[in-house]
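All remarks here apply to the structure that follows.
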Amino acid sequence: MTDTNNYTLGELAEHLGAQLQGDASTEIIGLHTLSSAKAGQLSFLANPNYQRFLEETEAAAVILHPDMAPLFSGPKLLVNDPYLAYAKLSKLFDGQRDLVAGIHPTAVVDDSAQLGLGVSIGPNACIGQGVCLGDGVMIGANSSVGANTVIGARSRLYANVSVYHGVIIGDEVTLHSGSVIGADGFGNAHEVVDGQFRWVKIHQLGGVRIGNCVEVGAATTIDRGALDDTIIEDGVIIDNHVMIAHNVKVGRNTAMAGKSSIAGSTEVGAHCIIAGGVGIAGHLKIADGTKFTAMTLVTKSITEADSYSSGTGMQRTKLWRKNAVRFGQLDKVVGRLSLLEKAMAKLLPKGE
Amino acid sequence: MTDTNNYTLGELAEHLGAQLQGDASTEIIGLHTLSSAKAGQLSFLANPNYQRFLEETEAAAVILHPDMAPLFSGPKLLVNDPYLAYAKLSKLFDGQRDLVAGIHPTAVVDDSAQLGLGVSIGPNACIGQGVCLGDGVMIGANSSVGANTVIGARSRLYANVSVYHGVIIGDEVTLHSGSVIGADGFGNAHEVVDGQFRWVKIHQLGGVRIGNCVEVGAATTIDRGALDDTIIEDGVIIDNHVMIAHNVKVGRNTAMAGKSSIAGSTEVGAHCIIAGGVGIAGHLKIADGTKFTAMTLVTKSITEADSYSSGTGMQRTKLWRKNAVRFGQLDKVVGRLSLLEKAMAKLLPKGE
Amino acid sequence: MTDTNNYTLGELAEHLGAQLQGDASTEIIGLHTLSSAKAGQLSFLANPNYQRFLEETEAAAVILHPDMAPLFSGPKLLVNDPYLAYAKLSKLFDGQRDLVAGIHPTAVVDDSAQLGLGVSIGPNACIGQGVCLGDGVMIGANSSVGANTVIGARSRLYANVSVYHGVIIGDEVTLHSGSVIGADGFGNAHEVVDGQFRWVKIHQLGGVRIGNCVEVGAATTIDRGALDDTIIEDGVIIDNHVMIAHNVKVGRNTAMAGKSSIAGSTEVGAHCIIAGGVGIAGHLKIADGTKFTAMTLVTKSITEADSYSSGTGMQRTKLWRKNAVRFGQLDKVVGRLSLLEKAMAKLLPKGE
């Protein structure tokens, strides 16, 4: 990777608004964990379980909570949230990401497209008719942006991203490779003609609107609406292999982990946490601040913010099989229990 | 989006074979829901829950069941299935979809490829040796079609689609962005040489055959067969993130919702409905007309059409955890119940 | 497909080290199953269930276990593991796979890239700054390789593969279409500024290291590490739609079936078998040789190799619904059972 900039510890303290203890001129060439940091790297202690690494770390300096300051004798930055401080600094040390300056000669940009200042378009990328790219937008190699799509300032598409026509994307949005925005939602009527059943596709006439500061993971798909738009509000973060179906609305700052899905027309509130593999059925409404644990199937609307789950625990297969068989008899088992309770009631003296 | 054609209400009535009530010259410029329709748009009432929107809609006209006709005073189209009528009209109002006329100069088309009349090939698309494209086929930007693959008339590949070599695709098939047809099935033998285990790849020598009028969603994969072909019959509709493994056969008109999967060599019948996230194990046979509810794991063949399910309901995590613990003890719990039943039998008078 | 080479049965016997019975000059033009083999093709009997096809097969010759030799009268190859023999021969009969000789004129290769001998780069592929490709590497159409990535000898990327910057890939690795290697892991801190919550992205500064002889399926994603690398060891085989999150380590020869996932920082041992749809939570450690059955959710570390499962069996939906309701009452049901047991204890004579 191309060299990133180096910083002095004093500069980083200023960037964070952190209290500096030690030599402000200490040069910092990168970030790493306490156990892997090499000379010149800055590290951090966010999880108390790693406290024991403080003594042996080779890091040039460490970010710590003020309460932990006595545990490290070298140069340090004191902040209330070391994990947040690390996140903020990570941006400074992120290396080259295949930016091209300007428009690569192999890119195909329609004459009618409007390009902001400092737009970068990678090799073999295709920008369709009437597309509007804001200032500083970066389009990766082999990506495709369909007709009349609008992409806001400083948004970045990595390689092999597909954005269909008529999509509106905000500022500072990231779309990772293999993501697909604006493919047709899955809508079909059916008819029987001369005794033959056939599906009749509902052409998807709506679009997709993505707010500002949204991140979309690799191989994630967000379908266009049937008539209204599919909507992703500001600050939503989305991992890989996520599926968002047509006419879904995802509220601000909601987080969706890998392989989670939302079926058509469901409205998910703001600040929800949707763990990996969760499936939310269609036409539901999920309250702000709701959490779902991994692989939960959600088939009812949620009106009260809480954590919700489905499924069973994991066991050795041999034991699990016996219990799974019993699950299949559960209603009958409870019936047997009820019979016993009635029998017992007859046997017991009154009032017991 | 480029302007779509406009139609008079009379023209649309004729297209549908609908009974028209009101001014046949009413100009219709688009379709929308009752609540969102603007002046000039046509709407429809398919779900009785939306009946209350009939009074306040701004739609220029509405599609209704004849029984509902008295509820709307404006121009209307009367049909037995308004949802189907909406589906049929949606095609007319679907805007520009990034078609290129002819072959874009940056497309790479092998000299040996045979192209039908009116074929469109987008920027940077690659058409391999011996490929055969039927009349009116459209290939999206940056898509790739492997050697000797055949694609039938009027089929459409969106941007960034990958079709491997030796695949046969029918007429009027749609492949959405990120879909992959004909990658290798997951087959491996193994051997131990000098005490070292290693996997030995089974090269996948079969192909994929897709029938007519099939739709394949974004980021969906259909693997090639090991020796025989993987087969998708006519009229099958497939949503996003679906996985169809090698040597699977999917029968006509079956619908597969997002994230459903079929493992190797399983045969799914015709007219099945496979909900989101369903996983069907390998080497099974599923009867025509079978339905699976969302996220069901199917490990047995199905001989009788019905709806099948697995999993548990969703609860608040705190309560769910207690029940999940009990699931893990279920076989023992039933054992305790049986003991109690025996004890009770001794206590009870005969015949009770 | 372009003609593959033909072989004599004698040559194939030598290739496998098999005992040949019959005419060594029998010409073999391909491989197929016993029931589908045509004249000139070689078949095999690995599964005793197919023994009945031996009589009627049209295959020119068959691979058999020596114990089965008497059941087939034609030319045959005798080996201890016919399935392994078939796997080994499948490589010989695999047809053309869209190889290009040399570098296609439309490929965009940075001047600073180092290319080994016999490298093939397909149409519109993009090779970034400082990339290093080993001897015989093949890069498919429209694939993209990010800056400073290293790909070992004889590795193959199919069409539309995305490899980010700073990734290290070993020898003889296969990446199928739509796979994405090195996208950002899903890491975010958060802060509240002026009462407004916002996510703060943790830039992912680590890379991905993939060993030798690894296969990665279509639409599979392997994210780069936050600070350390994500690691896939030698011989790992990975199916389609698999998600491997940041800082995961997958041990040698582990197999991951379609749609399985591993969340961040989990270490999976060697020789594990992870079935389809399995989800493994983050920060766990899974012992060598562990197996998980399909769609199991793994939320605890595993210290002892065994097979593990979660979920329930499948039933008709009507019956399943009743049992699922009972699952939601399970803790209470066991409470009722305990009360009954206490009542019974009072009724029963001592010692019974």
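The values are calculated or read from the model by the stated rules, or taken from the named source; none is laboratory data. Source: prediction; values computed, not measured. Note that we place each Cβ from the backbone using ideal geometry, even for glycine, and neighbour counts take in every protein chain shown. We work out accessible area using only protein heavy atoms, side chains counted, and drop any ligands, DNA or RNA first. Shrake-Rupley method; radii C 1.70, N 1.55, O 1.52, S 1.80 Å.
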TODO: Among the strands (runs of 3 or more DSSP E) lying completely within the stretch A:26-90, list those that include at least 3 residues that are within 21 Å of C:Gly187 (Cβ to Cβ) and touching a strand residue (DSSP E or B) at 6+ places or on another chain (Cβ under 7 Å).
DONE: A:41-44, A:61-64
- [ ] Inspect all residues belonging to the stretch C:31-51 and state whether any of them is in contact with a His (Cβ under 9 Å, 6 or more places away or on another chain) and more than 27 Å from B:Ala147 (Cβ to Cβ).
- [x] yes
Open item on the list: If I ask for residues that are surrounded by 22 or more Cβ atoms within 10 Å (Cβ to Cβ) and either in a loop (DSSP other than H, G, I, E, B) or in contact with a Cys (Cβ under 9 Å, 6 or more places away or on another chain) (or both), which ones from the stretch B:291-301 would you list?
Closed with: B:Phe292, B:Thr293, B:Ala294, B:Met295, B:Thr296
TODO: Identify all residues within the stretch C:160-199 that are more than 30 Å from C:Ser144 (Cα to Cα) and of a type in the set (Phe, Trp, Tyr); write none if there are none.
DONE: C:Phe197
- [ ] For the stretch B:270-288, name all the residues that are outside any strand (DSSP E or B), in contact with a Ser or Thr (Cβ under 7 Å, 6 or more places away or on another chain) and open to solvent by 10 Å² or more (accessible area, probe 1.4 Å).
- [x] B:Ala270, B:His271, B:Ala275, B:Gly276, B:Gly277, B:Ala281, B:Gly282, B:His283, B:Leu284, B:Ala287
TODO: Determine whether C:Ile202 is open to solvent by less than 10 Å² (accessible area, probe 1.4 Å) and within 26 Å of B:His165 (Cβ to Cβ).
DONE: no
Open item on the list: Within the stretch A:213-223, does at least one residue satisfy the condition of being away from chain C (no Cβ under 14 Å), farther than 20 Å from C:Gly185 by Cα and at pLDDT 95 or above?
Closed with: yes
Open item on the list: I need the full set of residues from the stretch C:320-331 which are open to solvent by 70 Å² or more (accessible area, probe 1.4 Å) and more than 9 Å from chain B (Cβ to nearest Cβ), in order please.
Closed with: C:Lys322
Open item on the list: Return the residues of the stretch A:144-157 that are within 7 Å of another protein chain (Cβ to nearest Cβ) and not small (Gly, Ala, Ser); say none if nothing qualifies.
Closed with: A:Asn148
- [ ] Kindly indicate the residue of the stretch A:228-244 that is assigned to a loop (DSSP other than H, G, I, E, B) and under 19 Å from A:Gly146 (Cα atoms) and also farthest from the chain's Cα centre (by Cα) among those meeting that condition.
- [x] A:Asp228
Task: From C:Gly225, C:Gly311, C:Gly264, C:Gly258, residue being surrounded by 21 or more Cβ atoms within 10 Å (Cβ to Cβ), within 14 Å of the chain's Cα centre (by Cα) and part of a loop (DSSP other than H, G, I, E, B) - done: C:Gly258
- [ ] Identify the single condition in (1) basic (Lys, Arg); (2) buried (at least 24 other Cβ atoms within 10 Å of the Cβ); (3) in contact (Cβ under 8 Å) with a residue 40 or more places away in the chain that B:Arg252 does not satisfy, given that it satisfies every other one.
- [x] (2)
Open item on the list: Looking for something open to solvent by less than 10 Å² (accessible area, probe 1.4 Å) and either modelled with pLDDT under 95 or hydroxyl-bearing (Ser, Thr, Tyr) (or both) - is there at least one such residue anywhere in the stretch B:103-126?
Closed with: no
